[in-house]
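The values are calculated or read from the model by the stated rules, or taken from the named source; none is laboratory data. Values in this document were obtained by computation on a predicted structure and should not be read as measured data. Cβ: placed from backbone, ideal geometry, glycine included. Neighbour counts: every protein chain shown.
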Amino acid sequence: MKYNLFPRLDFLAYIKRVHVAYRPGQPNTDSCRWLVHRMTHPDTRKTYPKLETSYELLGYNAPAKIDIEMVTGKKFSFAAERYTLRELRLLIDEEQYKAHIDAMRAGAIDRKGEDED
């Protein structure tokens, strides 16, 4: 048997709120474009119904920005031109796995401290 003890989490897993602001065509904003497409896809809406998403297409030369709030309450704000999608994933990875472990503990079958009938 093969066990997947540490599954790779989806980028949007355990995220409460995402806001992306960028100007289309601006250099180094591929991560913003990918994230907007991913957020607005119907399958994403089905998979993460509680995820609050918003985006802003800027018409002027302002820095691209990604704001992320995790379900744990931790907030991240990134200057999107400085990070690739892989680097963004690495920055939020630790907080995602903390939320994943908490969710696994909350749904555990053999919880400690419960009365047995």
Practice problem: Please tell me if LYS75 is modelled with pLDDT of 95 or more and more than 15 Å from PHE11 (Cβ to Cβ). | Solution: yes
Quiz item: So LEU85 fits all but one of (1) of a type outside the set (D, E, K, R); (2) at pLDDT 95 or above; (3) closer than 18 Å to LEU9 by Cα; what number is the exception?
Solution: (2)
Self-check item: Residues (outside any loop (DSSP other than H, G, I, E, B) and touching a residue at least 24 places away in the same chain (Cβ under 8 Å)) located in segment 22-42
Solution: TYR22, ASP30, SER31, CYS32, TRP34, LEU35, ARG38, MET39
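Conditions (1) touching a His at 6+ places or on another chain (Cβ under 7 Å); (2) of a type outside the set (Ser, Thr, Tyr); (3) under 19 Å from ASP67 (Cβ atoms), marked per residue:
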| position | (1), (2), (3) |
| --- | --- |
| PHE6 | no, yes, no |
| THR29 | no, no, yes |
| TRP34 | no, yes, yes |
| ARG38 | no, yes, yes |
| ASP43 | no, yes, no |
| LYS50 | no, yes, yes |
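Is it the case that GLY59 is on the phi > 0 side of the Ramachandran plot and either touching a His at 6+ places or on another chain (Cβ under 9 Å) or of a type in the set (Gly, Ala, Ser) (or both)? Break it down stepwise before answering.
Details: on the phi > 0 side of the Ramachandran plot: no; either touching a His at 6+ places or on another chain (Cβ under 9 Å) or of a type in the set (Gly, Ala, Ser) (or both): yes.
Taking the combined requirement at face value, the residue does not satisfy it.
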Quiz prompt | LEU12 vs. criteria on the phi < 0 side of the Ramachandran plot, part of a loop (DSSP other than H, G, I, E, B) and within 16 Å of the chain's Cα centre (by Cα) | solution = yes
